[in-house]
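Asks: Just dropping this structure here.
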Amino acid sequence: MTDQREAVIVRWPGQAPSSEDGLAGLLAAYHLRTEAEKGAAVVDVDGLPERYRAEISDPRAAFVGDVVLVALSGGAAVGCVVVTAPVGRRSEIKRLWTDPNFRGRGIASGLLRAALAHAAESGVSSVRLSVWEWRAGAIALYERFGFVVTESWDGRDQLVCMECVG
């Protein structure tokens, strides 16, 4: 059984040449699951909105200037998170996702810890994120890391905005 001690978090692009394909797969799973949870299930990536297809088809271009952290287990990508480039000493965390087969092993916590450490090292004073209100487990994780619900900067219904001030 793989646990958090066996998952290695790497900065992408970087140390793991196979992580690009794995990252695309993680992003695809994230977006397909999210669309299904919103009640707009699509059969495959081709049914996703263009902005999501762009992330999946070319993550390097989609996240240029951002930092992508990938959790690897046995060389396979099992989790990811994006930390946006700082704007005015603030970054945003996006696309935190763990392969469902690897959940409950501390991978999301490890990714979040690494993302916050990266933000602090970059001189960021606050990190924000948005999460769908039905993702109670994710909200609880963020709260354990010091995130609090804040006024929304996004008009989408059922989206919870959170911020962690360092």
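Asks: Residue check, residue 71 against (1) touching a Gly at 6+ places or on another chain (Cβ under 8 Å); (2) part of a helix (DSSP H, G or I), all met but one. Which one?
Replies: (2)
Asks: If the requirement is being farther than 20 Å from residue 34 by Cα and among the basic types (Lys, Arg), which of these qualifies: 95, 105, 128?
Replies: Every option except 105 fails the conditions.
Asks: If you don't mind, there's one more thing I want to ask. Might you let me know whether region 121-131 holds any residue that is over 15 Å from the mean Cα position of the chain (by Cα), at positive phi and surrounded by fewer than 20 Cβ atoms within 10 Å (Cβ to Cβ)?
Replies: For region 121-131, residues over 15 Å from the mean Cα position of the chain (by Cα), at positive phi and surrounded by fewer than 20 Cβ atoms within 10 Å (Cβ to Cβ): present.
Asks: I've got another one for you. In region 56-70, is there at least one residue being within 16 Å of residue 118 (Cβ to Cβ), at pLDDT below 85 and of a type in the set (A, V, I, L, M, F, W, C)?
Replies: No, that holds for no residue.
Asks: I'd like the residue in region 77-111 that is surrounded by fewer than 19 Cβ atoms within 10 Å (Cβ to Cβ) and small (Gly, Ala, Ser) and, out of all such residues, is nearest to residue 51 (Cα to Cα).
Replies: The extreme case among them is 85.
Asks: With the condition kept exactly as written, say whether any residue in region 111-128 is touching a helix residue (DSSP H, G or I) at 6+ places or on another chain (Cβ under 6 Å), part of a helix (DSSP H, G or I) and farther than 13 Å from residue 91 by Cβ.
Replies: No: region 111-128 contains no residue that is touching a helix residue (DSSP H, G or I) at 6+ places or on another chain (Cβ under 6 Å), part of a helix (DSSP H, G or I) and farther than 13 Å from residue 91 by Cβ.
Asks: Identify all residues within region 27-76 that are closer than 23 Å to residue 103 by Cα, free of Cβ contacts under 8 Å to residues at least 60 places away in the same chain, out of contact with any His (no Cβ under 9 Å at 6 or more places or on another chain) and of a type in the set (A, V, I, L, M); write none if there are none.
Replies: Answer for region 27-76, where residues must be closer than 23 Å to residue 103 by Cα, free of Cβ contacts under 8 Å to residues at least 60 places away in the same chain, out of contact with any His (no Cβ under 9 Å at 6 or more places or on another chain) and of a type in the set (A, V, I, L, M): 28, 32, 36, 41, 68, 76.
Listed here are the residues, each with its yes/no results for (1) at pLDDT 95 or above; (2) among the hydroxyl-bearing types (Ser, Thr, Tyr); (3) farther than 18 Å from residue 154 by Cα.
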{"position": "92", "(1), (2), (3)": "yes, no, no"}
{"position": "97", "(1), (2), (3)": "yes, no, yes"}
{"position": "104", "(1), (2), (3)": "no, no, yes"}
{"position": "107", "(1), (2), (3)": "yes, no, yes"}
{"position": "111", "(1), (2), (3)": "yes, no, yes"}
{"position": "115", "(1), (2), (3)": "yes, no, yes"}
{"position": "123", "(1), (2), (3)": "no, no, yes"}
{"position": "127", "(1), (2), (3)": "yes, no, no"}
{"position": "140", "(1), (2), (3)": "yes, no, yes"}
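Asks: Also, quick follow-up: For region 137-166, which positions are assigned to a helix (DSSP H, G or I) and either over 16 Å from the mean Cα position of the chain (by Cα) or not aliphatic (A, V, I, L, M) (or both)?
Replies: Within region 137-166, 137, 142, 143, 144 meet the criteria.
Asks: Something else now. Pull out all pairs, ordered by first then second residue, where Cβ-Cβ is under 8 Å, the residues are six or more apart or on different chains, the first lies in region 147-166 and is exposed (fewer than 13 other Cβ atoms within 10 Å of the Cβ), and the second is basic (Lys, Arg) and part of a strand (DSSP E or B).
Replies: 153/128
Asks: Going through region 112-128 one residue at a time, which ones are in contact with a strand residue (DSSP E or B) (Cβ under 6 Å, 6 or more places away or on another chain) and within 18 Å of residue 70 (Cα to Cα)?
Replies: 114, 115, 118, 119 - these are the residues of region 112-128 that are in contact with a strand residue (DSSP E or B) (Cβ under 6 Å, 6 or more places away or on another chain) and within 18 Å of residue 70 (Cα to Cα).
The values are calculated or read from the model by the stated rules, or taken from the named source; none is laboratory data. Predicted model only: the values in this text are computed from it and were never measured. Cβ atoms come from the backbone with ideal geometry, glycine included; neighbour counts cover every protein chain shown.
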